[in-house]
Amino acid sequence: MHDSLIGYINNHSTSPLNDSEVESIKHIFVPKRIRKRQYFLQEGEVCKYFAFIVKGAMRQYSVDDKGVEHIVRLSIENWWVGDRDSYVNLTPSVYNIDAWEDTDALLVTRADYVQTLSPIRAIAEMARTLDDKYYIATQKRLNASISFSAEKRYAEFANSYPEFLQRFPQHMIASYLGITKETLSRIRKHSIKK
Amino acid sequence: MYLSIIQPFAPHIDIERFTMKKKISFSTQGQRADIGEYKIHRMLPNRYAEAVGPFVFLDHVLPTKHSPDEPLKKVNGTGAHPHRGITTLTYILNGEADHKDSRGHHATVHSGGAQWMKAGNGIIHDEVVNVDSQTNDHLTHAMQFWINLPSKNKAEPPQYLPLQANEIPRQELGNRGGWIKVVAGQYEQLASKIPNYSNQLLYHIHLEAGKQFSLLSERELEYAAFLPVNNAIINDAEHKAGEFVTFDRGEGTIQFNNSSKGATDIILFGGEKYTEPIVAQGPFVMNSEAEIAQAYRDFHAGKYGEVSYNRKD
């Protein structure tokens, strides 16, 4: 189960993990099965773990006063899941995270990350790369959400994450893009006709 | 960049004119770092300074006018978070701060007051700032400082001390210049009730229009000044409201002049340089990564206790 994580770390670094580092990663990351619709984190809780998805699909969302869900993140294999604000600052989370498919994940605590993982060169390099990627993706998403039309937002999403269209239902993708189900359905019909 | 003006304030021969003024090493406007509904500028740490004396953090909760029908914020758990290795000091310029913590402390501090919490070996607190029910200004405006603790004091149990405005020592400045309040540390005969774990100072200087205040710095101390409300002239250079400046290590005076038509407020703070390693992450300030890891572990193991929200007191 740890092999995909080890491969992922090595792919994100120019200095591959040595044997003892692999051993400590296997020791620190704890496997966890999360069933479909089971919570990994609920609003009001402090996020104790970050998760690396080995297999499955998860979503992170907030729920507004009217009970409407707003999806901030969708994740599948080789993605990380967790509320970083709550994980680092230990504040109660404003998000829910649950599994959309039966999911196998590897969990790590902040304490183990700080003490054991961050001194590992490959991990430090991976963390820098991911921070860059995550920052760029977040900027793009922010720009899209404040300046793009619904059509353009969907096209960019479909282009960047084609697999997500197969893995998540339309209402979740609509919520992720900040548009209504009806608008998404109209856009999809229109794009098929084209 | 800053308007340098000829000093019109001391036409008579003044000892200050023969003393070197400290140089300003940098000034910054801080970075926006809102937390929930609070509009916040993070002044410290910043890209130039990690700490000023034992002070490792300063958030400026910007002055905000609230409508009279705005619902009050409650201490209800949504803002609860731990601290360890520091003391936190919230100084309320306008508003009313409610505090509860996992060691059973609870207090409400009004405009002009402060609350001090020694996180020591770990505590969880929850704090809100509302408009002051005793004044009618509909304003909230505050500062939160984190003061680093020496290694041996990081291991001590938590403490809490609320201070209302009248419990903060204050002295009028000569020549109707305004006043100085000693929020932390000592100034002349005034001493704050807030415990000192190293030589530290936090003064609020209220300077009337056209007046001047100066202070001879101590060689071993680091100093910074912050302008929460209005502009002021600091060692001959005009600085704007919201600016934060630090001074170089050389000896000399720190001088504030108010050339505007109204009063201005200056926060002067600093202290003895912190010489142990500083490792800060999230809400913890410790001396090593291993101690940071332990701080996270202890939080999740429930060692900092829980805030009780049921008690009415």
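Annotations
- Members of the stretch B:146-162 found to be among the aliphatic types (A, V, I, L, M) and more than 29 Å from B:ASN257 (Cα to Cα), listed by number: B:LEU149, B:ALA155, B:LEU161
- Restricting the stretch A:111-144 to residues that are over 21 Å from A:GLU23 (Cβ atoms) and surrounded by 17 or more Cβ atoms within 10 Å (Cβ to Cβ), the residue that is farthest from the other protein chains (Cβ to nearest Cβ): A:ALA144
- Checked against the criterion of being surrounded by fewer than 13 Cβ atoms within 10 Å (Cβ to Cβ) and of a type in the set (Asp, Glu), the candidates A:GLU163, A:GLU156, A:GLU151 yield just one match: A:GLU163.
- Selection within the stretch B:94-123 - touching a Ser or Thr at 6+ places or on another chain (Cβ under 7 Å) and acidic (Asp, Glu): B:GLU96, B:ASP98
- Qualifying residue in the stretch A:78-86 (condition: of a type in the set (Asp, Glu), closer than 23 Å to A:GLN115 by Cα and surrounded by fewer than 19 Cβ atoms within 10 Å (Cβ to Cβ)): yes
- Taking residues in the stretch B:281-305 that are more than 7 Å from every other protein chain (Cβ to nearest Cβ), and partners anywhere that are buried (at least 20 other Cβ atoms within 10 Å of the Cβ) and aromatic (Phe, Trp, Tyr), the pairs with Cβ atoms closer than 6 Å and at least 6 places apart or on different chains are B:ALA295/B:PHE284.
- The listed residue being at positive phi and out of contact with any Phe, Trp or Tyr (no Cβ under 6 Å at 6 or more places or on another chain), out of B:GLU188, B:GLU167: B:GLU188
- Residues satisfying the stated conditions in the stretch B:124-136, i.e. in a loop (DSSP other than H, G, I, E, B) and either in contact with a Ser or Thr (Cβ under 8 Å, 6 or more places away or on another chain) or within 14 Å of chain A (Cβ to nearest Cβ) (or both): B:VAL131, B:ASP132, B:GLN134, B:THR135
- Filter result (crowded, with 18+ Cβ neighbours inside 10 Å, among the hydrophobic types (A, V, I, L, M, F, W, C) and farther than 23 Å from B:ILE40 by Cβ) within the stretch B:145-167: B:LEU149, B:LEU161
- Some residue of the stretch A:57-73 being surrounded by fewer than 16 Cβ atoms within 10 Å (Cβ to Cβ), within 14 Å of another protein chain (Cβ to nearest Cβ) and modelled with pLDDT under 95: yes
- When the test is whether a residue is under 25 Å from B:ALA295 (Cβ atoms) and within 14 Å of chain B (Cβ to nearest Cβ), A:SER86 passes it.
- For B:GLY270, the criteria (1) surrounded by fewer than 21 Cβ atoms within 10 Å (Cβ to Cβ); (2) away from chain A (no Cβ under 11 Å); (3) of a type in the set (Gly, Ala, Ser) hold in every case but one, which is (1).
- Among (1) within 14 Å of chain A (Cβ to nearest Cβ); (2) touching a helix residue (DSSP H, G or I) at 6+ places or on another chain (Cβ under 8 Å), the one test that B:GLU276 misses: (1)
- Within the set A:THR103, A:THR91, the sole residue that is within 8 Å of chain B (Cβ to nearest Cβ) and either within 27 Å of A:LYS55 (Cβ to Cβ) or of a type in the set (S, T, N, Q) (or both) turns out to be A:THR91.
- Count of the stretch A:29-47 residues which are within 14 Å of chain B (Cβ to nearest Cβ), buried (at least 16 other Cβ atoms within 10 Å of the Cβ) and touching a Gly at 6+ places or on another chain (Cβ under 9 Å): 2
- Residues (under 16 Å from the mean Cα position of the chain (by Cα) and within 17 Å of B:LEU93 (Cβ to Cβ)) located in the stretch B:178-191: B:ILE180, B:LYS181, B:VAL182, B:VAL183, B:ALA184
- For first residues located in the stretch A:43-69 and free of Cβ contacts under 8 Å to residues at least 24 places away in the same chain, partners that are among the aromatic types (Phe, Trp, Tyr) and lie 6+ apart or on another chain with Cβ distances below 9 Å do not occur.
The values are calculated or read from the model by the stated rules, or taken from the named source; none is laboratory data. Bear in mind that the values here come from a model prediction, so they are computed numbers and not experimental data. A quick note on method: Cβ atoms are made from the backbone with ideal geometry, for glycine too, and the neighbour counts reach across all protein chains shown.
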